[in-house]
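The values are calculated or read from the model by the stated rules, or taken from the named source; none is laboratory data. The structure presented is a predicted model; accordingly, all values stated were derived computationally and were not measured. Surface areas here come from the heavy atoms of the whole protein model, side chains and all, with no ligands, DNA or RNA. Shrake-Rupley method; radii C 1.70, N 1.55, O 1.52, S 1.80 Å.
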Amino acid sequence: MVKFSKELEAQLIPEWKDAFVNYWQLKKHIKKIKLARNKRPTQLNHGFGRSIVDPIRFIAMKLLSTKLFFSSNNNTNTDDDETVKVRSKSTEDACDHEVEFYQTELLQLFSEEDEVRVFFERLDEELNKVNQFYKTKESEFLERGEALNDQLQTLMDLKQILDGNRRWKPNILPRSSSSSRRNSGFSDSPLGLNDGSTEISDEIIAAFERNGVKFMNSPAAAAAGGGAKRKKVEKRKAAMRIDIPATTPTSAISAVTSMLWEDLISNSTKQDSTAGHSINRKKIQCAEKMIRTAFVELYRGLGLLKTYSSLNMVAFTKILKKFDKVSKQEASARYLKAVKRSHFISSDKVVRLMDEVESIFTQHFANNDRKRAMKFLRPQQHKDSHLVTFFSGLFTGCFVSLFGIYIILAHLCGIFSATTGTAYMETVYPVFSVFALLSLHMFLYGCNMMMWKNTRINYNFIFEFAPNTALKYRDAFLICTTLMTCIVGALLIHLLLTAAAISPSHVDTIPGFLLLIFIALLICPFDIFYRPTRYCFLRIMRNIICSPLYKVLMVDFFMADQLTSQIPLLRHLESTACYFLAESFKTRQYTCKNGSLYRQFAYVISFSPYYWRAMQCARRWFDESDPNHLANMGKYVSAMVAAGARLTYATQSNSLWFGVVLVTSIVATVYQLYWDFVKDWGLLNPNSKNPWLRDDLMLKNKSFYYISIALNVVLRVAWIESITRFRINQVQTHLLDFFLASLEVIRRGHWNFYRLENEHLNNAGKFRAVKTVPLPFREMDSD
């Protein structure tokens, strides 16, 4: 049977771990009670010691019920309950507020036993903590539910009015658009809005205003007063605005244009008061999608709060039973009565709100289909398949076998010799290195996911991945082993055909075909080979390339950081593209490196990942106004300068450029190391209870953190090899470059774990377990 402590640790909400009852600490108190009682000279079977008050205590325990003193805003005090209030001062608003707490009278019965008294004091503290946290979260979700109700009501009023008074245009809704909406899993909007704007008459504007939606400079406002009153009417008290976040380039540009247009209209004094008003259809659709997502997140949060309540109730029950067993008393039944009367158990507001959300979502977003609604409100995670594990092991064995055969045959054919292996390494090595580095990165990402899962780091929530389609670590291992098996198999076939003296124009097309197959699988529209993951990857890459125009999410800059460690992979893609586009495979004469365009494009490729990451920092600074993002941008600018200096030194080897490379690389490395340890990992805190680490650590063994710090420093200074030029021949040069590129990928995989650990701890410190979706409709003051 699994111990409850392990079961609780496996089921509790990681971001709310500190708010749960500290079951492990209470168990330690019970062990102290047991040790203290075992030290007594004599101990009767019924549990009494030598104290003369023990018989009195036994009778009192049978007659006295535990009294739970509390003060609640939602419950009235009874004769059996007494309110205990503590006055404390808030440091934020400097005003007094009342803190409610529970206190049990069992302390009076165990006043002579310090360990038992400490146990019940601690138990009261835990009960107060759980109750207060539950009240806080419950009030937050109730307020969120009321806000969503208002948002939905505004949306429904808006759609009803537009549905009854829209003016249809020819070819408004193409058949493909309608079918795509049906395939998305949501019911078509009852409005059926077209792609253009909907003209609103004066009567409709008046109907809007009766429903609480205000229009600036509307004809009704102009007619409300005349002459001297006209200016007062034009200054409306409030205006309802559809606020859609500019998350895409199109929405960003349209948002800026919309702001300029609204300013132009509101500041214009010559506007015709009888002019028509229009509402954009796309904004209404985006508003509906935002409200729908907000309902899903609200339901998820309510489910987590319900789980929080039930787990804490079980924890209190288990710990009190342990106390009864050790103390030979029957205190659990009486204390549990008080626990059941507490707010986090007695309140049914969460359950009722969950039922309301289910009803609303089914009616408005699932076309009264409850089964379809619950697929979105309660998405089911796919169970791990044994076939995935089986094929991962199978392909691992195939890869190891084929790689061993390839090494033996390559040695027999003299592929790695300095005389015959140069052409092979120049032509075949780049494209196969791309797949090897990609497979290594995928393998390390699978290791990251396995470690995150074992340490209860909620990476799906941090990356905002859908739980039913998110990639799991077994899937990552399967993709990695399958890809490496195919790569080594293609290498072996290429080597055999080369040894058989087949024409190079035919043999060297094998890497090209392999690359084309990989690209075709990546963009394949069919629901095979992890399509949600593939399309998510393509969407993230689009966001990175257009980073100044897209709103930057955690997964976007996390992936951009991965690209900064894959610059050798991008350089190999450049070499491969030049090799096949220039048709060098027909003659096996690689002449691309001699061209000036190739050398100039090398700077673009080396700068691009740092540039994209710097632009993401600039966008985040623009959105959040946090100067730390500008400091982070400086780190990538320094890395860009150092990369450019090293590229120039590779072609112009003189003392001047050696000094430039040395200075820029040292500055960039120190900058990067500081940011890694202090900002990304949250370590090197001199005041931490864990020396030079941080207070909260997910790994129990502290030595892992010190080893990781040293390893990161060593791998960060691998650029020293690029200026020492430790080379013997061309073949060994390529192998050494591949080894150094692999070390950087390993360093990035090692960095990933601690980066997400720090992000998870930041979420846990703020009790962020659900995503806060911005609401579209908001009231704004108008001058």
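Just need the relative contact order of segment 529-677 here, percent rounded to a whole number, with Cα pairs under 8 Å and 6+ apart.
Numbers: 118 pairs, mean separation 31.7, N = 149.
Reported as a whole number, the value is 21 percent.
Could you tell me which of rounded, prolate or oblate describes segment 456-583, using a ≥ b ≥ c as the square roots of the eigenvalues of the alpha-carbon gyration tensor, with rounded for a/c under 1.5 and, failing that, prolate when a/b is larger than b/c and oblate otherwise? Walk me through the numbers before you get to the answer.
Working: a/c = 2.55, a/b = 1.77, b/c = 1.44.
Note, shape of segment 456-583 comes out prolate.
To the nearest 10 square angstrom, what accessible area does residue 9 show with a 1.4 Å probe?
Only protein atoms counted, so the area is about 80 Å².
Long-range amide H contacts for residue 502: which residues qualify at under 5 Å (H placed 1.01 Å from N, peptide plane, sequence gap of 5 or more or a different chain)?
Residues meeting the criterion, in which the H sits 1.01 Å from N, do not exist here.
What ³J(HN,Hα) values, in whole Hz, does the Karplus curve 6.51 cos²θ - 1.76 cosθ + 1.60 give for segment 507-520 when θ = phi - 60°, with x put for Gly and Pro?
5, 6, 7, 4, x, x, 5, 4, 5, 5, 5, 5, 5, 4
Tell me the Kirkwood radius of segment 432-530: reciprocal of the mean inverse pair distance over distinct alpha-carbon atoms, in Å. Write out the running numbers ahead of the final one.
Values: mean 1/r = 0.0639 Å⁻¹.
The answer is 15.6 Å.
Can you list residues whose amide H is under 5 Å from residue 777's amide H, if they're 5+ apart or on another chain and H is modeled 1.01 Å from N?
243
May I ask for the distance between the Cα centers of segment 351-391 and segment 742-765, given as a whole number of Å?
Going from one Cα centre to the other spans 31 Å.
Apply the Karplus parameterisation 6.51 cos²θ - 1.76 cosθ + 1.60, with θ equal to phi minus 60°, to every residue of segment 695-704 and state each ³J(HN,Hα) to the nearest whole Hz, in sequence, with x for glycine and proline.
5, 9, 10, 7, 8, 6, 8, 5, 4, 4
Take the alpha carbon atoms of segment 528-565, find their center, do the same for segment 429-464, and report the distance between the two centers in whole angstrom.
Distance between centres, Cα-based: 14 Å.
Where the eigenvalues come from the Cα gyration tensor of segment 386-766, what are the semi-axes √(5λ) of the equivalent ellipsoid, largest first, in whole Å?
Details: eigenvalues 248, 144, 84 Å².
In descending order the semi-axes read 35, 27, 21 Å.
Tabulate in residue order the Karplus-calculated ³J(HN,Hα) for segment 313-322, using 6.51 cos²θ - 1.76 cosθ + 1.60 with θ = phi - 60°, rounded to whole Hz; enter x for Gly and Pro.
Here the 3J(HN,Hα) series is 5, 5, 5, 4, 5, 5, 5, 6, 5, 5 Hz.
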